[in-house]
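See below for the structure under consideration.
The values are calculated or read from the model by the stated rules, or taken from the named source; none is laboratory data. The shown structure was predicted, so the numbers you read here are calculated from the model rather than taken from an experiment. FYI the Cβ positions are ideal-geometry reconstructions off the backbone, even for glycines, and counts take in every protein chain you see.
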Amino acid sequence: MGEGMEMVKASETGKEAETGMRAKTEKSELVCIRCPIGCMITVENNPDGTLHITGNTCNRGAEYAEKELTNPTRIVTSTVRIRNGKQSVVSVKTKEDIPKGKIMECMEAIKSVELEAPVHIGDVALADVAGTGVDMVVTKDVEMATA
Ligand code: SF4
């Protein structure tokens with residue numbers, strides 16, 4: 001079944017998602033960021049410790065809400081300086097999600113990085129950023145400046 005059909009089924013039946021994970025608060029509200037619709041999701045603790053998730057139009061919303069409350073992570077983007085390049089900076093991003101609590105440490109670490117041109121998409125700008133085990137990689141090519 002496609003995602004569009006899941007959406008119709010969920011809204012017709014009012015079906016609600018249940019998971020086996022415990023939330024940090026009694027009731028949380030969050031906006032799903034998995035697609036541009038931006039459903040408002042409510043998560044409540046059931047007495048048995050499971051989560052009661054409502055407001056999500058599709059299953060991706062339930063997955064997002066559960067992860068956001070138990071182990072929130074993000075892709076981090078930034079820029080680093082380039083020496084002797086056709087451009088003076090290049091964009092970088094974490095290769096994978098990192099824990100949300102590590103974002104500031106990651107941004108601080110990348111501030112001191114300077115790369116020598118040329119750099120290419122996928123080059124590691126900073127390995128194991130903030131001890132996360134995830135590398136920050138270059139997302140654009142920058143060639144050497146011509147004399
Ligand atoms: S719950 Fe589904 S439809 Fe709603 S914003 Fe999230 S991904 Fe989009």
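Of the strands (runs of 3 or more DSSP E) that lie entirely inside region 1-76, those containing 3 or more residues that are at pLDDT 85 or above span 27-31, 40-45, 51-54.
Picking from residues in region 50-73 that are free of Cβ contacts under 8 Å to residues at least 40 places away in the same chain and away from the ligand (no atom under 16 Å from the Cβ), the one that is surrounded by the fewest Cβ atoms within 10 Å (Cβ to Cβ) is N71. Restricting region 98-139 to residues that are at positive phi and in a helix (DSSP H, G or I) leaves a set whose member that is surrounded by the most Cβ atoms within 10 Å (Cβ to Cβ) is A130.
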